Amino acid sequence: MARISLQDIRHSYQTIVAKAAEYALKRVHLEWQDGGAYALLGPSGCGKTTLLNIISGLVAPTEGRVLFDGRDVTTLPPEQRNIAQVFQFPVVYDTMTVFENLAFPLRNRHAESSRVDARVREIASLLDLDGLLGRRAAGLPPDLKQKLSLGRGLVRDDVNIIMFDEPLTVIDPHLKWQLRSKLKELHQTVRTTMIYVTHDQTEALTFADQVVVMQAGEVVQVGTPVQLFERPTHTFVGHFIGSPGMNVLPCEVSDGTALFRGQPVPTETPAKAPADATRLELGVRPEHIRIAPDTGSGDDGIAVDIVRVADAGRYRVVEAMAGDHRIHVLTREDADTPLGPARLQVDPSRTRLYVDGWLADGADTGRA
Amino acid sequence: MTLEFRSVVKRSKGETLIHAASFTLAPTGFNVLLGATNAGKTTLIKLMAGLDRPTKGEILLNGKDLTRLPPQRRNVSLVHQFFVNYPHLSVFENIASPLRVARVPGADIRRRVHEAAELLRLTPFLERRPSALSGGQQQRTALARAIVKSSDLVLLDEPLANLDYKLREELRDQLPRLFEGRGAIVVYATSEPSEALMLGGHTATVSQGRVTQFGPTATLYRAPQDLETARVFSDPPINVAPIRKSGDRLHLGDSVAWPAAGTALATVPDGAYTVGVKPHFVLPGGDAAGTVPVTGRIQITELSGSESIAHFDLDGRSWVSQSHGIHPYQVGDLHTFHIEIRGCLYFRPDGTRVTA
Amino acid sequence: MAVKTERQAAWLLVAPVVVLVAFNALIPLMTVVNYSVQETFGNNFFLWHGLGWFQDVLRSERFHAAFGRQMLFTGLILLIEVPLGVAIALAMPRRGPLVSVCLVLMALPLLIPWNVVGAMWNIFALPDIGLLGRTLNGLGFDYNMTQDPLSAWFTLILMDVWHWTSLVVLLTYAGLISIPDAYYQAARIDGAGAWAVFRHIQLPKLRRVLTIAILLRFMDSFMVYTEPFVLTGGGPGNSTTLLSIDLVKIALGQFDLGPAAAMSLIYFFITLLVSWVFYTLMTRHDPS
């Protein structure tokens, strides 16, 4: 187990870098505690897999250093870093049995056979693979194969980190729940540092204690699931996390009040905009808007036209149009929302101003 | 327009892939096939497309038998999970390809391709090759091809499965609008219950080669006619436990009981039944009326920012509670949850649901 | 019925090929079958001979010897070419500018017409002026392809290895690059050495391509004619007379049409049988 520091990592897949845009990773600086559960979350091409490969040693960064417990491992190959990795598509050794698969990393390191046997059985029972030890790995279904690849990571007790690269891609939704809970449970038992890479917010938020949100080679925000949900420091995080994501509405600021389409919208703190700001926006989550009937008077909320109510099972997604701007509102499963004109009232304590994409007030944690 | 399956059976290599499927699809809204991998969704789609022929039974389009008709004579479009485009053609030519085959005049092709491209926001990429596009753009190209063709039958086989989560959300929102008012029967296969709900329309739940139920999506979700349908249509998985009716009480294990009056089990004979409770009807607190307290040891906790999930042990079964807000559960603690009685579904030993 | 007319149209499209195959495969084959049961004294005068020619051929020592040489040849080249081909493919770079250079170099021997290969090696092996012959003799070996059977076999095998190992290399290489990177990465992380990677990842994943490579090399080598004919003409003596060469000698050299036809058919069935045995053996444990 180890504390991991990524110091000023930059990476480009080109040998000669002319422009900043050619960096797949643009200066990433992160510090990860021993035994934590972390997630790297972002859309395809945001650099999360590159970062993962830099930590595992499959890719050497163009600039910067990787430290495990203060020891510089930047130039070490993966086999000398004591790490484990679970890939998107399950990797098992087809010619071997489940037992031999689990024993493989130990046997490669010449462990005594009595220890191999004990360890394999211990891990197999942890993963509910006990009954399958004698089976050939080739014939297993994807979820068991993925458990097996995970088991190969867990079987060594000296691993510094276990990394997961979108491990649930090929797993059915029902089994996804089981496997995800299993991962969470495993982390709570073995307390190894774990890093989970995904584009799926639900997977990231439910697994990790700390989530690193990335976009276009940069870290946009690091925070707990609650922080990311309650207080996104960038409109991208607001949009990316939550389903549907945060509503982002263009606004103006005058006398400490934010105006959306000329109408004042209450915010958490008085709205202040720097003079050189090019883009001012209000961010409010669909969960934090209330729908009120349209009384015709001026001050009881944003005037909208409700155009659609979608049944999402546990809740409903209401789609309201304010001019050309679409605003999503979540309501209860049993709420009845008529189509047509209505007013939207935002929760002021959860409505915030964003300047050029970044949260106007509060600490700018993402760019630390 | 209707597409009707009459007791369609498909067997292959001694295995029954589809057990006597009968249903009628209409062009109003999406028709979702919901089920796990290998449940039989793709087999059903292949039968509709004509890529496979039924072992028994008939498939009728507007009452006309097309069981033996090959795909090229069925006027169908198929969009696959993997982005299938012609790699050597531009996006424009890719979208235009079904029209070229149908010998549509050039001016018409240009108009229809531009229309479809505009709908799917592909206009800036029309001159590019598919390989220069992102996954989402490639799949939108495949969708555009399905749209220009004005087919009777549009088959979408997990079209969003290989896309990023956010992109999936966006396209899922657009898809029903794209096909609205086109008069085509749209079939959409997915393994995700949430996707079926968001698409609305009708849903057929598929499990182990059987269509367990077909009907309006919301009805299937809230009033499944059997346990298998309820299982397929619950994400996270539905909590299932045996209960016993004796007199006017329903007993869950030894310590939990609630009155049968007011539930579907009010008038049925005493005996063993099964209760199914979706995780969002298992509340973390609040001693409100209409709930039953149950106490279990917390095994795993998950937090998704706006929701809390707890897995707890109840009489040796693992239960899940999913609720809004942040609840500070501690693993290993005993916690009292409250089951909402109105959220309970009751099933007979043979799996059919008891309705009041 | 619409389906029926479509099927008919489909058959029409295939018709030219059917006619062509009938003309250049079926008709000659039937002629051969015909000859194999007849005795002729020329002048288009034929007599029924039953299975006599087949019995003669199967009992003849000449056939046994040719068959033995054929098996030896095929066995040797498979034993050399398959491991060598896999080894070269493993050593080839996976990415970078060298890939295309290697691929072109590998493809070169395959592009040379077979009779040219034979002629090339014939000159190459000449003991007085050929590069190979001269060098070997210079090194003190008593090398003379036209006099010494061992020299002839050595050259024959060397030529085939030079000509055909590339095929195994290219097939194996294609199989190798289709193995996802994740497997190699997982193996590195699991601490597996090069041998373990080969044994547990590459070899199992190469199973299918290797089956095809071995089958192709088996069939081709069993039917080989042009190159050994141009190189040694079956000599010295009969030492390199493989089945096909012997067959042509009987049919065209001695004009014994009956025995030649019977031998052709036996030859054909042996190839078919051994290919089938090979194929079933190699695909028996295929999990999918």
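Read the figures in this text as sums done on the coordinates, not as results from a lab. Worth saying up front: this structure is predicted, and the values here are computed from it rather than measured. All Cβ positions, even for glycine, are placed from backbone atoms using ideal geometry, and neighbour counts span all protein chains on display.
Numbers for the structure displayed
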| read-out | value |
| --- | --- |
| Relative contact order %, region A:79-189, counting alpha carbon pairs below 8 Å whose residues are six or more apart | 45 percent |
| For region A:243-361: Kirkwood Rh in Å [reciprocal of mean 1/r, alpha carbons] | 14.6 Å |
| Crossing angle, helix A:142-154 versus chain A [Cα axis fit, 0-90 degrees, rounded to tens] | 70 degrees |
| Selection of chymotrypsin sites (Phe, Trp or Tyr not before Pro), region A:8-77, meeting DSSP coil and at most 13 other Cβ within 10 Å | A:Tyr13 |
| Cα-based convex hull volume of region B:239-347 per residue, rounded to whole Å³ | 90 Å³ |
| 0 to 90° range, to nearest 10: angle between helix A:113-126 axis and chain A longest Cα axis | 30 degrees |
| Cα-projected label distance for B:Thr336 with A:Leu67, points at 7 Å along beta-carbon direction, nm | 5.1 nm |
| Fewest-first sequence of C:Ser264, B:Ser12 by Cβ atoms within 10 Å of each Cβ | B:Ser12, C:Ser264 |
| Two-decimal ratio, chain B, of alpha-carbon radius of gyration to 2.2 N^0.38 Å | 1.17 |
| Cβ-based exposure ranking for B:Lys56, C:Lys249, A:Lys176, B:Lys64, in which fewest neighbours within 10 Å come first | B:Lys64, B:Lys56, C:Lys249, A:Lys176 |
| Proximal charge balance of B:Phe82 [Cβ under 10 Å; K/R count +1, D/E count -1] | -2 |
| Calculated [θ] (222 nm, deg cm²/dmol) that DSSP helices of n ≥ 4 give over chain C, each run adding -39,500 (n - 2.57) | -23000 deg cm²/dmol |
| Mean projected area in nm² (Cα convex hull; one quarter of hull surface) for region A:87-227 | 9.2 nm² |
| Inter-chain shielding of C:49-61 (mean C-beta neighbours from other protein chains, 10 Å cut-off) | 0 |
| Rounded to 10°, Cα long-axis angle of helix B:91-101 versus longest principal axis of chain B | 70 degrees |
| Average projected area [Cα convex hull, the protein assembly as shown], square nanometres | 56.4 nm² |
| Cross-link partners of C:Lys205 among aspartates and glutamates (Cα-Cα below 15 Å; sequence separation of 8 or more within a chain) | A:Asp94, C:Asp181, C:Asp286 |
| Rel. contact order, % - alpha carbon contacts under 8 angstrom, at least six apart, chain C | 27 percent |
| Value of [θ]222 nm, deg cm²/dmol, for chain A, DSSP H segments ≥ 4, -39500 (n - 2.57) each, nearest 500 | -7000 deg cm²/dmol |
| Lysine-lysine proximity count for chain B, Cα under 22 Å, sequence distance 8 or more or distinct chains | 14 |
| Alpha-carbon gyration tensor eigenvalues x 5, square-rooted, for chain A, Å | 46, 26, 15 |
| Distance in nm between pseudo-label sites at A:Gln7 and B:Ala272 (7 Å out along the Cβ direction from Cα) | 6.6 nm |
| Region B:113-143 versus region A:172-245: alpha-carbon centroid distance in Å | 31 Å |
| Over region C:60-283, equivalent-ellipsoid semi-axes from the Cα gyration tensor in Å | 36, 24, 14 |
| Charge-dipole axis of the protein assembly as shown as Lys and Arg at +1 and Asp and Glu at -1 on Cβ define it, positive-most pick from B:Ile59, B:Tyr221, B:Tyr329 | B:Ile59 |
| Segment C:Trp48-C:Ile112, length gained on full extension (0.36 nm per residue, minus Cα span) | 18.6 nm |
| Translational diffusion of region A:6-155, µm² s⁻¹ [Kirkwood Rh, Cα pairs; Stokes-Einstein; 4 °C; 1.567 mPa s] | 74 µm²/s |
| Mean Cα-pair separation over length for chain A, i.e. relative contact order, pairs under 8 Å, 6 or more apart, % | 16 percent |
| Semi-axis lengths, Å, region C:159-288, gyration tensor of Cα atoms, sqrt of 5 times eigenvalues | 41, 17, 9 |
